[in-house]
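Visitor: This is the structure, below, for whatever I ask next.
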Amino acid sequence: MVRNFPRSTMPTTLKVWSFHKSISREAKEDLLRHFGALSVRHVGRRGKDEALLASFKSDGDCRYALGKLHQQEVLGVRLKAVFQDSAPPLPAQEPHRCQENVEPDEGAQEEKMQQKLKEFEVSLCSIASSLGINHPIPPNLRYVYPPPSASVIANIAGAHEVPK
């Protein structure tokens with residue numbers, strides 16, 4: 001269901017859920033902050049029912065993050081993100097600091113998880129990471145279609161014909 005909000009009341013908070021169970025709370029927060037979240041709050045129970053509310057500076061930042069996060073696959077699980085229009089404003093928080101006293105076995109696993117998240121962020125924001133072009137897509141880049149002509153419309157119509 002698509003919700004149309006009046007321009008002046010566009011939400012600046014996203015609800016994001018359906019993370020892989022092995023992703024730590026800190027890694028989830030870091031991912032949302034990477035996309036511009038000013039503050040992140042965990043809601044629901046830990047584990048499968050847990051969701052995050054991320055507050056953004058503007059509705060444009062919120063829409064950008066929604067476009068990048070919704071239906072993106074992270075560790076084999078598709079994220080879900082929606083506007084949270086009825087959430088109370090979240091207080092600004094300091095960026096999360098990773099814990100220093102992690103056991104060596106967990107530390108290696110956490111480091112591997114952080115590396116996978118970093119690779120995901122690069123592939124998510126890059127033009128063509130599979131070709132080694134890892135710089136971000138310019139936000140003002142838009143494809144402009146040529147004006148329709150009779151031959152273009154004929155080609156489109158011909159492409160949708162059902163063979164007999």
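Laboratory data are not the source of any read-out in this text; all were calculated from the coordinates shown. Because the structure is a prediction, the values reported are computed rather than measured. Ideal geometry is used to build each Cβ from the backbone, glycine not excepted, and the neighbour counts take in all protein chains shown.
Visitor: Separation between the ASN140 and LYS112 pseudo-spin-labels, each 7 Å from Cα along Cα→Cβ, expressed in nm?
Guide: About 4.4 nm separates the two model spin labels.
Visitor: If packing is taken as the average count of other Cβ atoms within 10 Å, what order do 139-152, 57-70 fall into, highest mean first?
Guide: 57-70, 139-152
Visitor: Ok, one more. What's the extension gain from HIS42 to SER126 if we count 0.36 nm per residue and subtract their Cα-Cα distance?
Guide: So the extension gain works out to 27.4 nm.
Visitor: Still on this model: If I model a spin label as a point 7 Å beyond the Cα along the Cα-Cβ vector, how far apart are those points for ILE133 and GLU50 in nm?
Guide: A separation of 3.8 nm, rounded to one decimal place.
Visitor: How much length, in nm to one decimal, is gained on full extension between SER58 and ARG33, taken as 0.36 nm per residue of separation minus their Cα-Cα distance?
Guide: 7.6 nm
Visitor: Could I ask something else about it? Between LYS80 and MET10, what is the FRET efficiency for a Förster distance of 25 Å, r being their Cβ-Cβ separation, to the nearest 0.05?
Guide: 0.80
Visitor: How far, in nm, would the chain grow between LYS68 and HIS20 when pulled straight, counting 0.36 nm per residue and subtracting the alpha carbon separation?
Guide: 15.6 nm
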